[in-house]
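One structure is given below, represented as structure tokens, and several questions about it will come after.
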Amino acid sequence: MSIAYSAVRSLIFLAILTSLMPLGMGADTAKSDLENAKNVILLIGDGMGFPQLTAARVEKSGWNLSDYGNTTLNMDQMEQTGYISTFSANSFVTDSAPASTAMATGHKTNNGVISQDATTVQGIKDGKNLTTILELAEKAGLSTGLVSTTRITHATPAAFYAHVDNRDNESEIANQLLESGTDVILGGGLSYFIGQNQTNPLGGKSKRSDDRNLIKEFITKGYVHVYNGTGFQSLTGNKTSKLIGLFENSHMQYELQRLDSSDKDPSVEEMTTKAIEILSVNDKGFFLMVEGGRIDHACHERSLDNTTMDTLAFDQAVKAALDFAAKNNETLVIVTADHECGGLVLQPENLESYEAGGLNPYFASGIARTSGPRYDFLTEMVEATHTAVDVPIMASGPGAGKVSQGRMDNTGVFVLIKKVLGL
Ligand SMILES: [Zn+2]
């Protein structure tokens, strides 16, 4: 290559780079860091790594290569894109508890621990409670909301409001949700809120060891309670300022199941839209966390259909957040994941010929290697596992530029939200 050609090529490259450079990068970076937002919507795809996004795009394109190039997710169109590390205080491979704790509090903790510090011994010894972004927002008079397709007491949402030494202590986590002051609560997990001898409108067995009826206690505190699609659809946003809607005894259905059911539970998009409608009435602003919680479960189960369809359903919730944010420039929307799950490999359909063009995705984690020959694998566990890879982060709105300044750690999500909300 001649020197002249190389120089011209560099100039062209620089020109392309400059034209592609989004606002908030380069010289504008410091300025955008100081921006304040009135509202923050944090959307967490549980188990949603880069391959899950690619697989969702492939599904959206109808597995059609000629359409694939023009197929984008809503989250692909956000202003800034980066990646975050996910390790916990005691493991390269995190579970949702410390990953969500990191984003909610800015601190690393041990696997299985919910918003207590790294002196905690899971299930044995309490550590020091860590203040969460939701608690700071509440204290400052902002409205707060939590939406999840899992039990609302599951690790990812729990880390925003509860402090326990073990993520499995979901009765206590439910008790702490009642005390948290969270204004809008939508998801699954009703069986942790209704005691042994209390009537559960969904039927089914209580998961509590006591006889407390937390739903009654929420209602006493002024919450409106709904438990099915009909009740949810009849809500009128402006008349409801506190809402608890738990639509399943355990996790909500996978999107494919939900679409097939007769009395449909609300979708994660519908729950997000409703939460925003209620929370945005507060002039001081709001903090809302939305979890696409079952992408992770689908990956554990090595179910590609549920992985892609739940990712696409979550992407519709992202659209609801972006549509709201587009009405003004006062909402920071962040989309990220707590960790990847499944070690999803998008390998060619024909391992000997890429030219055949197709894909044969495979969940490659949870395979134990023997001490024998290098490629001799002993066994595949029934469940695929989480992995240690970095995961995507996208952001739009005030302060979004921060996520594109090199690798970020998951603790940086807390720092960013705290800063833009001025908490
Ligand atoms: Zn998981």
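With +1 assigned to the C-beta of every Lys and Arg and -1 to the C-beta of every Asp and Glu, and no other charges, what is the dipole magnitude of the chain about the Cα centre in debye, to the nearest 20?
940
Using Cα-only point scatterers and the Debye equation, what is log10 of I(q)/I(0) for the chain at each q in 0.13 Å⁻¹, rounded to two decimals?
Values, matching the q order: -1.15.
If you don't mind, another one. Report the per residue volume, in Å³, of the convex hull enclosing the C-alpha atoms of the stretch 213-320.
Convex hull of Cα atoms, per residue: 113 Å³.
Once both axes come from the Cα atoms, what is the angle between helix 304-325 and the longest principal axis of the chain, in degrees from 0 to 90, rounded to 10?
Helix 304-325 sits at roughly 80 degrees to that axis.
What does the charge dipole of the stretch 230-362 about its Cα centre add up to, to the nearest 20 debye, if the Cβ of each Lys and Arg holds +1 and the Cβ of each Asp and Glu holds -1?
Taking the Cα centre of the stretch 230-362 as origin, the dipole is about 740 debye.
Considering only protein heavy atoms, what per residue accessible area in square angstrom results for the chain with a 1.4 angstrom probe?
44
Do any trypsin sites (Lys or Arg not before Pro) in the stretch 201-253 lie in a DSSP loop with no more than 12 other beta carbon atoms within 10 Å, and if so, which?
205, 221
Enter the angle in degrees (range 0 to 90, nearest 10) between the Cα long axis of helix 268-279 and the first principal axis of the Cα atoms of the chain, meaning the one along which they spread out most.
The answer is roughly 60 degrees.
Over all directions, average the projected area of the Cα convex hull of the stretch 149-297 and note it in nm².
Taking a quarter of the hull surface, the average projection is 8.8 nm².
Oh, and also: Note down the magnitude of the dipole of the stretch 237-292 about its Cα centre, charges +1 on Lys and Arg C-beta and -1 on Asp and Glu C-beta and zero elsewhere, to the nearest 20 debye.
Magnitude of the dipole: close to 320 debye.
So which chymotrypsin sites (Phe, Trp or Tyr not before Pro) in the stretch 375-418 are both in a DSSP loop and have at most 13 other Cβ atoms within 10 Å of their Cβ?
Within the stretch 375-418, the qualifying chymotrypsin sites (Phe, Trp or Tyr not before Pro) (loop, at most 13 other Cβ atoms within 10 Å) are 375.
Give me the accessible area of residue 60, 1.4 Å probe, in Å² rounded to the nearest 10.
100
Sticking with this structure for a sec: When the chain is fully extended, how far beyond the present Cα-Cα distance does residue 260 get from residue 126, taking 0.36 nm per residue of separation?
Working: separation 134, 0.36 × 134 = 48.24 nm, distance 4.32 nm.
Length gained, residue 260 through residue 126: 43.9 nm.
Given 0.36 nm per residue, what is the gain on full extension from residue 250 to residue 350 after removing their alpha carbon distance, in nm?
Result: 32.0 nm gained on full extension.
Can you send over the carbon and sulfur percentage of the accessible area for the chain, probe radius 1.4 Å, protein chains only?
Here it works out to 53 percent.
In whole Å, what is the distance between the alpha-carbon centres of the stretch 199-215 and the stretch 69-140?
The two parts, judged by their Cα centres, are 29 Å apart.
By DSSP, what percent of the beta bridges with both residues in the chain are antiparallel, rounded to the nearest 5?
For the chain, the DSSP antiparallel bridge percentage is about 40.
The values are calculated or read from the model by the stated rules, or taken from the named source; none is laboratory data. Note that this is a predicted model, so its numbers are computed, not measured. Because the Cβ atoms are built from the backbone with ideal geometry, glycine has one as well, and the counts that use them run over all protein chains shown. What goes into the accessible areas is simple: the full protein's heavy atoms, side chains included, and nothing from ligands, DNA or RNA. Shrake-Rupley method; radii C 1.70, N 1.55, O 1.52, S 1.80 Å.
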